[in-house]
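Here is the structure we will look at, set down as structure tokens.
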Amino acid sequence: MKSHIIGYHTTQFGELWDKSLFDLVEESILGVLKNTNIEFGDIDAIFFGNMLGGILENNLHSGAKIADIFGLTMPIFRVEGACASGGMAFHLANEYVKSGKGKTVLVIGAEKMTDVQPEYITQGLMSAASGEEQESGMTFPGLYALMARVYLKKFGYNKSNLAAVAVKNHMHGFLNPTAHFRKIITEKQALESSLVADPLGLLDCSPVSDGAASLIISTNPTLIKKRHHVKVLSSQVATDSISLLQRNSLIELKATQIAAEKAFGESKIKRSDISIAEVHDCFTIAELFAMEDLGFWTKGEAGRRVTQYETLRDNNGPLIVNTSGGLKASGHPVGATGIKQIGELYVQLTNQADKRQIKNVKYGLAHNVGGSGGTAVVTIIGI
């Protein structure tokens, strides 16, 4: 039997000064249980996606802490895959129920990032890069800027082609009540934002955010038929070199390409069947790479097509991208991002997306990336 997603809840994303990591975990878990009218007795295991707890909070035994909060004895697994921690946790949770180890599992992603100085966040995030990149003083804006410079030069584009991504995703985020930034921006504002790593400006970069998101996956027919549900058609993971130096190309993410091919192969649907996608736009250039590496557009096309706003919801195109606002506007609490992406697809496919609802959606794709592309998770769901 196919696994189904039967519930979702997300906290607010943003600078949540009055809440700890485990406050957010508790809020998200209680929220999804309330939304689905499911009790802990129905849950066979919990998977927890988190990247920075061990670095920022000296906290690695988080599964036991979750158990302590709720008085649980079930298996709880912590999953770390850099910024793909949430997607990886979902993948493993889905495999758990497909294997028959359990019938119903809860998967949560959470991160608390705003309570420490920016240099500590930067250092923590760079733990997902290669040793050479760390030793050279690189940051993730710097790594993605290097890739952006190669891409823009090769295909004759400029910063305006990147700014279009930020403009679109802020327009989508404006309609998302839990987004970190609910503010429409102009191309001029994006182009004139302070430079972070040439050619990337501040408005080309996703923010440092706090937040948590939870999903429930089940193969239990009794639980499924009584709730909003969608099928998990495929969840695939691929890896590549953690170092840009070891890659054959700086204008593509091989891990994304491999995971996408496997996901479409297993799901037996075509790319043209996908109506909505949540892609990993940690930086604006990353959305261009994603659209090409996932196979929606051919290599070199994205720079042109994003400026035509083909994937903006208001243009009613065949594929709408990042209805949540993406990482850029919705926010990027790294452990939670992969769960939020799949959760956004779930609420769209079950017609629960309110003002940002897209009509006649049957299939959605989520794309979650770790680091500069060392890990990629591609998930396809459908009604």
Among 13, 47, 77, residue whose mean-square fluctuation peaks in a GNM of the chain (springs only between Cα atoms under 10 Å): 77
Measure off 7 Å from each Cα along the Cα-to-Cβ vector at residue 69 and residue 261, then give the distance between these two points in nanometres to one decimal. 4.0
How large is the charge dipole for the chain, taken about the Cα centre, if only the Cβ atoms of Lys, Arg (+1) and Asp, Glu (-1) carry charge, to the nearest 20 debye? 1500
Using a Förster radius of 41 Å, what is the FRET efficiency between residue 299 and residue 39 based on their Cβ-Cβ separation? Nearest 0.05, please. 0.25
Using all alpha carbons of the stretch 143-194, what is the percent of pairwise distances in each 10 Å bin, ordered from the shortest bin to the longest? 25, 42, 28, 6
Which angle between 0 and 90 degrees, to the nearest 10, do you get for helix 284-293 versus the longest principal axis of the chain when only C-alpha atoms count? 70
Which of the aspartates and glutamates could a cross-linker bridge to residue 19, judged by Cα under 20 Å and excluding same-chain residues fewer than eight apart? 27, 57, 68, 111, 115, 210
For the stretch 1-136, the spread of Cα positions along each principal axis, largest first, Å: 49, 33, 24
What full-extension length gain, to one decimal in nm, is calculated for residue 360 and residue 184 as 0.36 nm per residue of separation minus the Cα-Cα distance? 60.8 nm
Potential extension, residue 239-residue 120 segment - 0.36 nm per residue separation minus Cα distance: 40.2 nm
Of the listed values (i) 19.8; (ii) 30.8; (iii) 16.8, grab the one calculated as mean projected area of the Cα convex hull in nm² from the structure here. (iii)
Once you have a ≥ b ≥ c as the square roots of the Cα gyration tensor eigenvalues for the stretch 47-110, tell me rounded if a/c is under 1.5, and otherwise prolate or oblate according to whether a/b is larger than b/c. oblate
Output the 0 to 90 degree angle, nearest 10, between the alpha-carbon long axis of helix 334-349 and the longest principal axis computed from the alpha carbons of the chain. 80
Residue-averaged 222 nm ellipticity for the chain, from DSSP H runs of 4+ at -39500 (n - 2.57), nearest 500: -11500 deg cm²/dmol
Based on DSSP, what percent of beta bridges with both residues in the chain are antiparallel, to the nearest 5? 70
Among all the aspartates and glutamates, which ones have a C-alpha under 20 Å from residue 154's C-alpha, if same-chain residues fewer than 8 places away are not counted? 198, 204, 252, 287, 292, 293, 301
Rough spin-label spacing in nm, given labels placed 7 Å along Cα→Cβ, for residue 272 and residue 195: 4.4
Test of understanding: in a Gaussian network model of the chain with alpha carbons linked when under 10 Å, which of 329, 110, 148 would top the mean-square fluctuation ranking? 148
With Cα coordinates, the longest principal axis of the chain makes an angle with the long axis of helix 21-36, in degrees rounded to 10, of 60
To the nearest 0.05, how large is the calculated FRET efficiency for residue 248 and residue 154 if R₀ is 22 Å and r is the Cβ-Cβ distance? 0.95
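Each value in this text was obtained by applying a stated rule to the coordinates, not by laboratory testing. Since this is a predicted model, take the numbers as computed values, not measurements. With ideal geometry, Cβ positions are generated from the backbone for all residues, glycine too; neighbour counts draw on all protein chains shown.
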